[in-house]
There are 4 protein chains.
Amino acid sequence: MSHLELDATRAWLSREELDSARERLPILYVDAVPVRVDERGSVVAVGLLLRASDDGDIQRELVSGRVLYHERVRDALLRHLEKDLGPMALPRVPTSPVPFTVAEYFPTPGVTPFHDPRQHAVSLAFVVPVAGDCAPQHDALDLAWLTPDEALAPGVLAEMERGHGVLLRQALGHLGHPV
Amino acid sequence: MSHLELDATRAWLSREELDSARERLPILYVDAVPVRVDERGSVVAVGLLLRASDDGDIQRELVSGRVLYHERVRDALLRHLEKDLGPMALPRVPTSPVPFTVAEYFPTPGVTPFHDPRQHAVSLAFVVPVAGDCAPQHDALDLAWLTPDEALAPGVLAEMERGHGVLLRQALGHLGHPV
Amino acid sequence: MSHLELDATRAWLSREELDSARERLPILYVDAVPVRVDERGSVVAVGLLLRASDDGDIQRELVSGRVLYHERVRDALLRHLEKDLGPMALPRVPTSPVPFTVAEYFPTPGVTPFHDPRQHAVSLAFVVPVAGDCAPQHDALDLAWLTPDEALAPGVLAEMERGHGVLLRQALGHLGHPV
Amino acid sequence: MSHLELDATRAWLSREELDSARERLPILYVDAVPVRVDERGSVVAVGLLLRASDDGDIQRELVSGRVLYHERVRDALLRHLEKDLGPMALPRVPTSPVPFTVAEYFPTPGVTPFHDPRQHAVSLAFVVPVAGDCAPQHDALDLAWLTPDEALAPGVLAEMERGHGVLLRQALGHLGHPV
């Protein structure tokens, strides 16, 4: 859930209008957990974006972003994956519209495991295998590939905000991993 | 997707503001397919609301409505079920946030099987067993319980607008019925 | 995955024949995570069976058992729930045949998170709300209801064998809980 | 559900033993709906195998086969896809073990929409995108790629036995198609 400045220019909604809507309506998002898979479909690595937070700490996050007016959910997913992982990532957008979970980000902490101080966002979350070369874009410093076991280490989760660590664990559980 | 006039009074959003948002953002909805089940969890009947359309025709529809700001998806589901089926319906809201499908209603017909001339709505769709007495509320004329086979008859589907007939079939397929 | 002696008498398969099949074929199972829910469908408690292991330790387990020849999956689920929780448990068997996960129990430890020294069992796992009074049956000492947070405590998981602790966590993740 | 003669040689189970087990136990299967997808993950074609039936009619079927002792479900899926579509098909086996449905094939017609005169088979059904070149193997005459709309035509469904036509429609409904 980032890059909203970039989105806004495409969204037929001024910065002020989006801010206003965010105080009144749940905003539809998509979250993606990028994974590398072997030929049997087993996940061998999970991709986490590294960003510098406002106070200089390193944060890890999943791919995330808003669905625009008149945009299909699968197009939003593809757009945010390409935006964050670069044009050569070759993401395999899921064939089914059914997410592995629906994450409800509340502006008030503690209502759900997910939190977004800016807004009430409801996000359709998908696991997305990527087959190509990933190059972090924009304000991402790097994209780190971790094995599922590495990704589940407490230290990694502690570096993920807004509940992205919970979402990652839920994704790995959905894939059959011990969580 | 009805009763929006009623919703608006609860949504901290004026009629005009909601109309404006609808031209700018996808609006989050929930759809519910009310069902009667036997003790084995098999669906024995599907509940369809009967309404008079603006031009006097009878329309059949599923339970549907908007998710409000700061409202949990499960609370929106419960609220719309109680609003349409009455306070004694005893709906069994699903334990998991995962919908059986995500229906994308576009203002432009033909983009998806789902259409809503008023807005771009993205709806999380659930099958909801109801155990109590249902009494149609507000502008619904009646609630008709049909067997799955009856519900799949072409004549019934022809009476469902906005793609609700497709959603009903997708629900029955998800439940293991031949569609 | 217990009580197989009891099952065998109903299964048109002698003890020896079942043992033989177990060395040759994957055996189909169902696993159930019994839960208490509030009116919004939120899980407030998880039910775990307490049994004495062969060496006298207390083990916690989920409801689990074999699917018989010519038995529907939903009937096997209902049968094992009634067998373990008693005839007044009023389990709400899921309407859909889709499990929240498929647990592959291998006789060789480490192939998957699930292990069964007796056999290769493949289990369809479901979350099942129970609305009535539960009375543990047969060799179960008790049925303990724990909050989701209590159920996720490491001490509880350590008392669950064969990967049932992993299955429980996967179930809670599927329900939207932080795991 | 074909090619069992071939399977048997790999299954550590003689023809007679398999026949015996089939009269006593549900047999675990996997079914796969091969699809072609575009870069957005939308299904553009469904692959159906053409076979000559025993009485000379042309039958269309999905990829289907048994899970062997000590075989992972994902390995069974890959094995049957390669067996039926050839070694260059490059199937993208799903990352999650959760099937889109569980098809219960009964030896008695009419218990479920699925029927197998040889046995009680319970099948985990998956949609599998294939990216490479498909060459029908063994007794398949051809592999026909149909658009989703073509695949839903009544004439096509009439050529599918054992309930495969129902399974195909359930798959397309799961993918968001009108069924």
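With contacts taken as Cα pairs under 8 Å and at least 6 residues apart, chain B reaches a relative contact order of 26 percent. Placing a label point 7 Å from Cα along the Cα-to-Cβ axis, A:E161 is separated from the same position in the other copies by 4.6, 4.7, 6.2 nm, shortest listed first. For chain D, take the longest principal axis of its alpha carbons; what is the angle in degrees between that and the long axis of helix D:73-85, to the nearest 10 within 0 to 90? That works out to roughly 70 degrees. Compared with the dominant Cα axis of chain A, that is its longest principal axis, helix A:164-174 is turned about 50°. For the set D:H80, B:H174, solvent exposure ranked by accessible area (probe 1.4 Å, protein chains only) runs largest to smallest as B:H174, D:H80. Summing +1 for each Lys or Arg and -1 for each Asp or Glu among the other residues whose beta-carbon sits under 9 angstrom from that of B:R40 gives -1. Once the convex hull of all Cα atoms in chain B is built, its volume per residue stands at 118 Å³. Each other copy places its own label point for B:R15 at 3.4, 7.8, 7.9 nm from this one, sorted shortest first, where the point lies 7 Å along the Cα-to-beta carbon line.
One residue of chain A places its C-beta nearer than any other to the axis carrying A onto D; that residue and its whole-Å distance are A:R92, 3.
Note on surface exposure: B:V166, C:V67 rank B:V166, C:V67 by accessible area, highest first, 1.4 Å probe.
Cα centroids of the stretch C:56-112 and the stretch D:101-151: 26 Å apart. What nm distances, shortest first, do you get from the label point of B:E82 to those in the other copies when the point sits 7 angstrom along Cα to Cβ? Its label point is 3.4, 4.5, 5.6 nm from the equivalent points in the other copies. Computed from phi, the 3J(HN,Hα) profile of the stretch B:107-121 under the Karplus parametrisation 6.51, -1.76, 1.60 (θ = phi - 60°) reads x, 8, x, x, 5, 9, x, 10, 9, 9, x, 7, 5, 9, 10 Hz, with x in place of Gly and Pro.
When both bridge partners sit in the protein assembly as shown, DSSP labels roughly 65% of those beta bridges antiparallel. In the protein assembly as shown, helical runs assigned H by DSSP with n ≥ 4 each contribute -39500 (n - 2.57); averaged across all residues and rounded to the nearest 500, the mean residue ellipticity at 222 nm is -7000 deg cm²/dmol.
Per residue of B:109-116, how many C-beta atoms from partner chains lie within 10 Å of its own C-beta, taken as a mean?
2
Simple rule: put +1 on each Lys or Arg Cβ and -1 on each Asp or Glu Cβ in chain C, find the dipole, and look at C:G110, C:I58, C:A125; the Cα lying farthest toward the positive end is C:A125.
Quick one: work out the % antiparallel among DSSP beta bridges in the stretch D:29-174, nearest 5.
70 percent
The values are calculated or read from the model by the stated rules, or taken from the named source; none is laboratory data. Please read these numbers as outputs of a predicted model, since none were measured by experiment. Counting neighbours? That spans all protein chains shown, and the Cβs are built from the backbone with ideal geometry, glycine included. When the accessible area is computed, the model is the full protein with side chains, heavy atoms only, and any ligands, DNA or RNA have been set aside. Shrake-Rupley method; radii C 1.70, N 1.55, O 1.52, S 1.80 Å.
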